[in-house]
Amino acid sequence: FGSMTPAKEVGGDLYDYLMIDDDHLLLTVGDVSGKGVPAALFMGKSKVLIDFYAMLGLPPKEIFERTNTQLCRGNNSGLFVTCWLGIFTFSTGELRFVNAGHPFPVLFQNGTFSYLKSTPNLMLGSIEGIEYTEHTINLNKGDRLFIYTDGVTEATDTQNRLFGEERLLKSMKGTNELSVPDTFKKVRMDIDNFVGEAEQFDDTTMVQFVLK
C-alpha cells in the first residue's frame, strides 16, 4: 500500500510495487531533486527505466547501475533521484535491496521497530559509471517494511525544526496492530501535529509492505 502527497500541483516523488513474475515483487520509492514539472518528468523517466530493467529479471544492483547510466546521459538539468529498491522472493522470504542515497526504511521484525540501515550509494543520475552495493535480509510472517521519502523526516515546523528519524520511529511504534492505511493516517497526523501552521515544502510519500 502506498500514498503520495505532492507539495505542488505535480510532484517529484515516485513509488511502485510490481509483480515481476509469480515469485518476485519489486518495491521502489524515490525522490527527485527539485519540485514541479521538471522533477515530475525526471521522476517519470526514472520509473520507466527501473520497471523496464526489473522486468528483464536483472538483480537490484544491475537495475540501478543501468538506470543511473541512462539518467546521467543528457541530464542537462542536473537533476538526480534518491531511491530505495528491493526485490522480494516469496518462496524464500529473501529481500535483496539497494539504496541510492535514500532515507533508511523502518523495519518491524521480532517485535521491534528499527531502521534498516545500510551503506547508501550515490543518487541516481549524479555520476555515470558508479557501482551499487546490494544487501540481503530475510523477512518472515508478520514483518513490516515502511519506506518513505524525506518529506516525512524533513517536515518542518514554524521554528524550522525537523520531524526527524527519532520522531518517526516513535510514531511507528504500535502500528504493527494497525492496518496499513491506518498506519499512514497515524504517521500523517503526527507529522501534521508537529508541523502545525507551517506550509508543506516537500512531497511526502509512504509505502508499506506487510508479509502475512
Debye log10 I(q)/I(0) at q = 0.13, 0.14, 0.21 Å⁻¹ for segment 52-146, Cα point scatterers: -0.48, -0.55, -1.04
Accessible-area value, residue 53, 1.4 Å probe, nucleic acids and ligands omitted, Å²: 20
Calculated FRET efficiency for the pair residue 75/residue 178, C-beta based, R₀ 35 Å, to 0.05: 0.30
Theoretical FRET efficiency, 1/(1+(r/R0)^6), r = Cβ-Cβ of residue 110 and residue 193, R0 41 Å, to 0.05: 0.90
Accessible-area composition of the chain, carbon plus sulfur, in percent [1.4 Å probe]: 52
Segment 116-173-segment 1-72 distance, computed between alpha-carbon centres (Å): 15
DSSP-loop GluC sites (Glu not before Pro) across segment 103-212, with at most 16 other Cβ within 10 angstrom: 128, 131, 154, 197, 199
For segment 143-212, Kirkwood radius (reciprocal of mean inverse C-alpha pair distance, Å): 12.4
Solvent-accessible area of residue 22 with every protein chain in place, 1.4 Å probe, in Å² to the nearest 10: 150
Net charge of neighbours whose Cβ lies under 12 Å from the Cβ of residue 89, counting Lys and Arg as +1 and Asp and Glu as -1: -3
Net charge over other residues, Cβ less than 12 angstrom from the Cβ of residue 58 (K, R count +1; D, E count -1): -1
Additional length obtainable on full extension of the chain from residue 117 to residue 91, 0.36 nm per residue less Cα span: 6.9 nm
Accessible-area order (highest first, 1.4 angstrom probe) of the listed residues 79, 14: 79, 14
For segment 171-212: accessible area per residue (Å², 1.4 Å): 51
Loop-located trypsin sites (Lys or Arg not before Pro) in segment 1-81 whose Cβ has at most 11 other Cβ within 10 Å (DSSP): 73
Structure-derived semi-axes √(5λ) of the Cα gyration tensor in Å - corresponding label in (i) 25, 23, 14; (ii) 41, 20, 15; (iii) 25, 18, 16: (i)
Per residue, in Å², the accessible surface of segment 1-81 once ligands and nucleic acids are set aside, probe 1.4 Å: 47
Violating pairs (Cα-Cα greater than 25 angstrom) within the set 45/212; 35/173; 61/185; 61/170; 47/212; 141/173: 45/212; 35/173; 61/185; 61/170; 47/212
Residue 48 accessible area, 1.4 Å probe, all protein chains in place, Å² to nearest 10: 100
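The values are calculated or read from the model by the stated rules, or taken from the named source; none is laboratory data. Because the structure is predicted, anything quoted here is derived from the model rather than measured. Don't worry about glycine lacking a Cβ; one is built from the backbone with ideal geometry, like all the others, and counts go over all protein chains shown. Surface areas here come from the heavy atoms of the whole protein model, side chains and all, with no ligands, DNA or RNA. Shrake-Rupley method; radii C 1.70, N 1.55, O 1.52, S 1.80 Å.
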